[in-house]
Amino acid sequence: MTALMEGKKGIIFGVSNKRGIGYAIAKALHDHGADIAFTYANDVMESRVRPLAEKMNSKLIMECDVTNEDQIKNVFDEYKSIYGTCDFMIHSVAFANRDDLMGNFSDVNKDGWDLAMGVSSYSLIALSRHAKPLMTDGGSILALTYLGGEKYVPNYNIMGVAKAALECSVRYLAAEFGAIGVRVNALSAGPVKTLAFKGISGSDVLLKINKYRSPMKRNITLEEVGSAGLYLASSLSSGVTGETHHVDGGVHCVAISKEDAEHYLNIS
């Protein structure tokens, strides 16, 4: 197997468990030779993240609340002292109050809005600002998103708006960071059975709808998302930036399923 990331080093924010997209990408990078630093959000998350990071021989496993500028600075200062430079940064961070994911979107209050946007969107800008001076030899920044940032998805609400802001931020950062040879992209994964996705009300129904509408007639796997993350973080995507790369079996390109189209055509 070709070690695409041999000699490359970087940091991932947001790995929370072995059944998450962040972990799938980290594993793909590690399997291809990358040296990865990990962060965790709080003491509770440390017990989940540390064993995963240690299994990948990480030299840095550190707490980072991405809404805390001091903690972000401390993480990157420590990262610099250990690794020196940075070849990739993965942003796998998102959070919103559960109540703000359900019901009427117009019921979202200012506090809920600020929380979702701060954790899920602004944090990419803050993290990228600190990573920039360390990316002296080009590299890749990758943020994780979802179709709910482009179109209405039931029970996604404020997170959809946060993902839209995240994707727009990717494009503006791509325009800025291109001058130093750093590519900035978003990976839009379809529904996959992660713990985070199961937290969305009606997630099982969304999986069934996605499978029905997908041109590939199936849902995606974590391994497929991990491989796409490897592509976007590695030299394989050296000419790609400002992109939202979909790994959803083609659902994003379908306005109506083939079966529905044939049904309505037959009865028209």
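Within the chain, the selection of entire DSSP H helices by a Cα span of 18 Å or greater along the long axis and an average Kyte-Doolittle value of at least -0.5 returns 157-177. Shape index of the chain: Rg/Rh, with Rg the Cα radius of gyration and Rh the Kirkwood radius from the inverse mean 1/r over Cα pairs, equals 0.98. The Cβ shell under 11 Å around A162 holds other residues with a net charge of -2, Lys and Arg each +1, Asp and Glu each -1. Apolar share of the accessible surface for the chain: 54 percent from carbon plus sulfur atoms, 1.4 Å probe. On a per residue basis, the chain carries 48 Å² of accessible surface, using protein heavy atoms and a 1.4 Å probe.
How high is the relative contact order of the chain, given as a whole-number percent (alpha carbon pairs under 8 Å, six or more residues apart)?
So the answer I get is 18 percent.
As a check on your grasp of the helix formula, calculate [θ] at 222 nm for the chain: sum -39500 (n - 2.57) over DSSP H runs of n ≥ 4, divide by the residue count, round to the nearest 500.
So the calculated ellipticity at 222 nm is -13000 deg cm²/dmol.
Within a straight-line Cα-Cα reach of under 20 Å, K110 can be paired with the following aspartates and glutamates, leaving aside sequence neighbours fewer than 8 residues apart in one chain: D99, D100.
The values are calculated or read from the model by the stated rules, or taken from the named source; none is laboratory data. These numbers come from a predicted model, not from an experiment. Glycine also receives a Cβ, built like all others from the backbone with ideal geometry; neighbour counts cover every protein chain displayed. When the accessible area is computed, the model is the full protein with side chains, heavy atoms only, and any ligands, DNA or RNA have been set aside. Shrake-Rupley method; radii C 1.70, N 1.55, O 1.52, S 1.80 Å.
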